[in-house]
Every structure is written in structure tokens, then in C-alpha cells.
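Colleague: Please read through the structure below; I'll follow up with questions.
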Amino acid sequence: MQNAIVRLEEIKIQNFKNVIDGELVLKNTRKPYKASVLGLYGQNGSGKTALIDALSILKLVLSGKSVPLQYAEYVNLEADNAKLEFTFSITSPQGIHNVEYSFNLRKCRNDNEQNMVNDKNDVRYMSRIYNECVKYSYHSDAEDIPKQTLIDTKTEKAFAPGTKYRLLIGDDPNDETDLIVEKRMASASARSFIFSSGFLKKFKEKCESEFYRQIIESLVFYGNYELFVITTSNSGHIAMGYLPLMFQYEEDGGTRTGNIPISLNDANYIPENIYSVISRVFDSMNIVLPQIVPGLTVAMKDLGTDINENGATVRKIRLMSMKNGKELPLQYESEGIKKIISVLQLLIEVYNHSSITVAIDELDSGVFEYLLGEIIRIVSENGKGQLIFTSHNLRPLETLDKGFIAFTTTNPSHRYIRLTNIKTNNNLRDFYYRDIILGEQKEEVYAPTNNSEIAFAFREAGYNNGN
């Protein structure tokens, strides 16, 4: 619900990629900042991207979309399934719901599109979301409710417990039958049952409790309109000549959100309504962009109108940059500038809105390290929303409050930690380097490498190639 503020408070990951067990609390307990920032640092292949992938799955699930097989392939090779758990706070004028949502993910056979027994080498697979569970507690000036289960799908029935089922759905046996069918359909299409359109439709029709409606409907709104996950494919699209323009803004009492891929190398033919969206996004960005990259603005060059294959009128446009009074196609700007432009509107939303969460993998890719550190510092000190990012560039360790930084370890069973014994005057970047060398934390943060052995390996590889 739009009048509630949803914040992601904690993430737990089990048996997902190279994370056997990992837990991250997002709240900065050092200082009462309005913004919630989490920068995750660590060695290559140590579980940073696993966090972003877990959030990608969360967005798909809360939005009622199918989870691609790619994510089921991420289940740890030593396990049958992965478990993801997310804790939220939902704050409204009445009080605060603390909500835990968890589910399991696994790879399973997909027999839904086949009517013949195929050769064993032609087995098809799919993702499966199952064992979903929603728990909540509540606090207000008037009452406190301890943690209890609201919905648990680990049952042959639609869901348990029965007391909550009757409050959410009622006593009509036909509804139970409909929901069991929906549960099977959701499973067969790699979707969440709790956030499927069939369940939500029945829930909205039958549930008369505003208290429970706020929990489910707030999470649905958050997943569809307020949670944004930017993976490394974003940089890949830029390298291939497309600008993935991600945005969210309020318009006429509603929320507009999306991701529009725009060609950088050629002219684009876009409908009038999309043209107005891009114009508004660029107008917003052009207030901030010249302050980040002095003198730079972006615009659409209008090349006239045309008719598409459906007979509709479209605008022909080309993305341009304007710097020091000179107009240039945006394709000739640096990769770093394109990266900043693609995410800038979302960073503006994080700065201004408490219920926005943006997660970005490899935020530092192509961005000058001093600028990166300053942007994140400004967002952390003056912003209102949530920013989660991974990075290899250590500059933010010198500009952010230490409570905003976490690290990966070499222990897959305790994958994420906060550094301890940090004094107020310690430079976190230097402290981290020292720990890599000396290993002063309870968990090792870097698997040691030997420079002489690396050099010998390079020579050995050269001999094998005939050099």
C-alpha cells in the first residue's frame, strides 16, 4: 500500500551459489541515518553477486513472475535446494509490522510442455518455488503482537495455519479447491503461490482485515514498484550499444516504473507515450547530471515521426549528449558516463524516497573512483531510501560510515561479516588491507595468493604454448 514505508532489514541465504550460509543485517546501528546503505566488498568469487542474484529472485517472486531456470542452476552443488529469507519493516501511521518472508528454490524436471517420454538426454528442467512462509510481529503505541505465522504453504492444503486461513480467505470449501489448483499452477510455472494473481485475487475478495491486507499488499507494491535490481548485464547491454534506462516516478497519483532499452548506435522508433516518459526522466536527470559531470546534459534529438508496422505513429529519436555547448551522439561518451546515466534516475529516487530499494552489482564499473565515493557518500548522509551495492573499488571505504560496509569471507558457511575492533580514527580501507595480510578477524577475508607462484605459473603457461 502506498502510504506504508517498506524497508528491507535483513537477508539470509543458504545453499545458494557459493554461499552455504550467509546473513546480512542492513540497518546501520552506529548512527541514526535516514538512508540505509550496504556496500559489500570481497575477493572475486566470494559471494558478492550471490546477494544481488537473491534480490533479483525476490523481485520476480513478489511481482508474481516466473523464476527462470538460470536461478535454479545456482543452487549449491552439494545441496538439493536453496533457501532465501528476507525480513522487512512495514511502517504505517498505525504502527510497524516486522515481516519475514522465506521460500525454497530448486531445480526440477519440467514435464508440463511434453506429452511423450523423451530420451534421457532430452530432459527439460525448470525452477520451483516452494515452502513459502510469511511470519509477522507488530508494534504500536496501543499493542504489541509477538512473532507468529501468517501463511505457510508447507502443507497439502492451500496453506496453514487454519486459524489464519479462515481470517484471510473464509470458510467456503470452493475457495479451498480453487486455491489448491492455483498452488499447483504456480508451482508448474515457477511462480510464487502467495504472490500469484490467483491467490491475491481471492485474498482481496475475502480478507476483510486491513491489518493483514497491509502486510501482503505492501510487499506486492514494493516488489512491483519500489525494488530495483541492476545486475552486470546492465553493463553488458551498454557494451553492446544499448542504454538500459531504469526509472521510477510518481505521475497523476500513480507510479510509473520500468526499464527501457534504447539503442545508442542507431535511431530509435518509440511510441508517443514512451517518448514522454523518457523526456520526463531526462528532465529529472539533467538537474543532477551537470553537477556530477560538469557541463554534461542528455537529450533526445527528435528526427520526426513515422508509421510502424501496426499503423501507429511513432517518434524517431537519437540519444545525444550536450557538453560545453557541443552536441554529440551519446554513443561516443565513455562507458562510465553511460553507466551513470543508466542508473542516475534510480539514485535520485533513493535520495528522495524512503521506500525505494536499489541494488546494483559492480556499481564501480567504469566510474572514476573519486566520483563514486562522493556520490555514495552524499546518498548515505542525506538520502532517505536504500542502496545496496557491490564494488571492487575501495574508495567508498574511505567516504562511508563504517556501519554501511560489509565484507565476504573465505568461509562459505559464514560468508558475510562486519569487521570488528575498528577504532573511530581507523581508515577502513587501510584496515581492510591490513586484515587481508595479517588475518586479524575471526573469519579469513582473503584466500592468500603467492606472487612467486603466480609468476611461475605464467612462465609455465608460456612454455606450454611454445613460447
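Colleague: Does the range 197-349 classify as rounded, prolate or oblate by the C-alpha gyration tensor (a ≥ b ≥ c root eigenvalues; a/c under 1.5 gives rounded; else a/b over b/c gives prolate, otherwise oblate)?
Modeller: Here the range 197-349 falls in the prolate category.
Colleague: For the range 1-112, what does the alpha-carbon gyration tensor say about shape, rounded, prolate or oblate, given a ≥ b ≥ c as the root eigenvalues, a/c under 1.5 as rounded, and a/b over b/c as prolate?
Modeller: The shape class here is oblate.
Colleague: Please identify every one of the trypsin sites (Lys or Arg not before Pro) in the range 401-467 that sits in a loop by DSSP and has no more than 10 other beta carbons within 10 Å of its own beta carbon.
Modeller: LYS423, LYS442
Colleague: Give a residue-ordered list of calculated ³J(HN,Hα) values for the range 181-186 (Karplus: 6.51 cos²θ - 1.76 cosθ + 1.60, θ = phi - 60°; whole Hz; x for Gly, Pro).
Modeller: So the J values, rounded to whole Hz, are 5, 4, 4, 5, 5, 5.
Colleague: For Cα pairs less than 8 Å apart in space and 6+ apart in sequence, what is the mean separation divided by the residue count of the chain, i.e. the relative contact order in percent?
Modeller: Result for the chain is 19 percent.
Colleague: Continuing with this model, one more query. Just to confirm the filter: which GluC sites (Glu not before Pro) across the range 396-461 are DSSP coil and have at most 13 other Cβ within 10 angstrom of their Cβ?
Modeller: GLU440
Colleague: Can you classify the range 301-363 as rounded, prolate or oblate using the Cα gyration tensor, where a ≥ b ≥ c are the square roots of its eigenvalues, rounded means a/c under 1.5, and otherwise it's prolate if a/b beats b/c and oblate if not?
Modeller: oblate
Colleague: In Å and on Cα atoms, what radius of gyration and Dmax does the range 396-461 show?
Modeller: 14.7, 47
Colleague: How much of the accessible area of the chain, in percent, comes from carbon and sulfur atoms when a 1.4 Å probe is used?
Modeller: Carbon and sulfur: 48 percent of the exposed surface of the chain.
Colleague: Here is a further query. What share of the DSSP beta bridges in the chain is antiparallel, in percent to the nearest 5?
Modeller: So the antiparallel bridges in the chain amount to around 85 percent.
Colleague: Remind me, relative contact order of the range 352-467 in percent, using alpha carbon pairs under 8 angstrom and six or more residues apart?
Modeller: Value for the range 352-467: 21 percent.
Colleague: At q = 0.12, 0.19 Å⁻¹, what log₁₀ I(q)/I(0) does a Debye calculation on the Cα points of the range 269-387 give, no solvent, two decimals?
Modeller: Summing over Cα pairs of the range 269-387 leads to -0.52, -1.08.
Colleague: Please give me, ordered by residue number, the GluC sites (Glu not before Pro) of the range 60-94 that lie in loop per DSSP and have at most 16 other Cβ atoms within 10 Å.
Modeller: Here the sparse-neighbourhood loop sites are GLU73, GLU78.
Colleague: Starting from the Cα of SER197, step 7 Å along the direction of its Cβ; do the same at GLU453; then give the gap between the two resulting points in nm.
Modeller: Result: 5.6 nm between the two label points.
Colleague: Excluding ligands, DNA and RNA, what is the solvent-accessible area per residue of the chain at a probe of 1.4 Å, expressed in Å²?
Modeller: With the other protein chains kept in place, the chain gives 49 Å² per residue.
Colleague: Another question, if that's okay. Could you work out how far the C-alpha centroid of the range 46-61 sits from that of the range 75-115, in angstrom?
Modeller: Value for the Cα centre distance between the two parts: 11 Å.
The values are calculated or read from the model by the stated rules, or taken from the named source; none is laboratory data. Owing to the predicted nature of the structure, the values given are computational and were not obtained by experimental measurement. Methodologically, a virtual Cβ is constructed for each residue, glycine included, from the backbone with ideal geometry; neighbour enumeration extends over all protein chains shown. When the accessible area is computed, the model is the full protein with side chains, heavy atoms only, and any ligands, DNA or RNA have been set aside. Shrake-Rupley method; radii C 1.70, N 1.55, O 1.52, S 1.80 Å.
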